[in-house]
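See structure below.
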Amino acid sequence: MNGWGSRISIPQVDSRTLLSIGGAALLVAVLLLFWGWYRRRRARSAQLAAVVGSAFEYRRDVLVSDGQGGWVHIDFLLLTSRGCVVIDLRNIAGNIFGGDQMNDWTVMHRAQRYTFTNPQTALYDRIAVVRALVSELPVEGRVIFTPRGRFPKGLPRHTLMLGSLISEFPRVDSQLPAQLPAPWRDEWQQLVAVCKPSSLVEPKRAI
């Protein structure tokens, strides 16, 4: 019969075909998940290499005693040719506006706008805690931002983009720590000996 009364014939799909289609879809989903995991892992590995490339040795995610019964979390401690460097790593996306005298820094990312506490104060506290544990080993610190963030108005004091870290603290041969003064090496060993592993994940927005 032609016209409106016609029936449309729907081809029958057997269970074997359905299983094949379902298996193919599942395989694609698994491959996509694996690819996403692999990319994230590769990005984390590249980020770690960029942070520690300047160091003879390093410690990551440690707690250091503040001398008053408390502990201070430090993202990275690096032993470099310039001494010990305390690193506060920030993975914040968007345009960041901050200054040395500002209590809060502002982030503008897509349709979002929010603030976070000026990280310099916490950095100075971390530097002071480490300096209290050594005498001859120089100690300085930097707040490092990953490429997801930008500073359109310029970088505040003691802040760096991740890609610039290697320029300020040149890459060294990690197999030649004897290049460092003996008192530095001794105090570094004393420092890492009193550090505790930290599982703390600080509540930093947009990380």
Quiz item: Restricting the search to segment 83-96, which residues are of a type outside the set (G, A, S), surrounded by fewer than 18 Cβ atoms within 10 Å (Cβ to Cβ) and in a strand (DSSP E or B)?
Solution: N95
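For segment 81-88, indicate whether the set of residues that are β-branched (V, I, T) and more than 18 Å from the chain's Cα centre (by Cα) is non-empty. Please lay out each step first, then the result.
So in segment 81-88, the residues β-branched (V, I, T) come out as 85-87.
Of the ones still in play, those that are also more than 18 Å from the chain's Cα centre (by Cα) are none.
No, because not a single residue in segment 81-88 is β-branched (V, I, T) and more than 18 Å from the chain's Cα centre (by Cα).
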Quiz item: Which one of these does L191 not meet: (1) within 30 Å of R110 (Cα to Cα); (2) in contact with a helix residue (DSSP H, G or I) (Cβ under 9 Å, 6 or more places away or on another chain); (3) at pLDDT 95 or above?
Solution: (1)
Quiz item: Got at least one residue in segment 65-82 being in contact with a helix residue (DSSP H, G or I) (Cβ under 6 Å, 6 or more places away or on another chain), in a loop (DSSP other than H, G, I, E, B), surrounded by fewer than 19 Cβ atoms within 10 Å (Cβ to Cβ) and of a type outside the set (K, R)?
Solution: yes
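Where in segment 100-183 are the strands (runs of 3 or more DSSP E), entirely inside, with at least 1 residues that are surrounded by 11 or more Cβ atoms within 10 Å (Cβ to Cβ) and either of a type in the set (F, W, Y) or at positive phi (or both)? Before the answer, list the steps.
Values: elements: 104-109, 112-117, 139-145, 159-161.
So the answer is 104-109, 112-117, 139-145.
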Quiz item: Applying the selection to segment 108-135, what residues are in contact (Cβ under 8 Å) with a residue 60 or more places away in the chain and either more than 22 Å from L191 (Cβ to Cβ) or of a type in the set (F, W, Y) (or both)?
Solution: H109, Y114, F116
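The values are calculated or read from the model by the stated rules, or taken from the named source; none is laboratory data. Treat the numbers as computed from the prediction; the structure is a model and nothing was measured. Ideal geometry is used to build each Cβ from the backbone, glycine not excepted, and the neighbour counts take in all protein chains shown.
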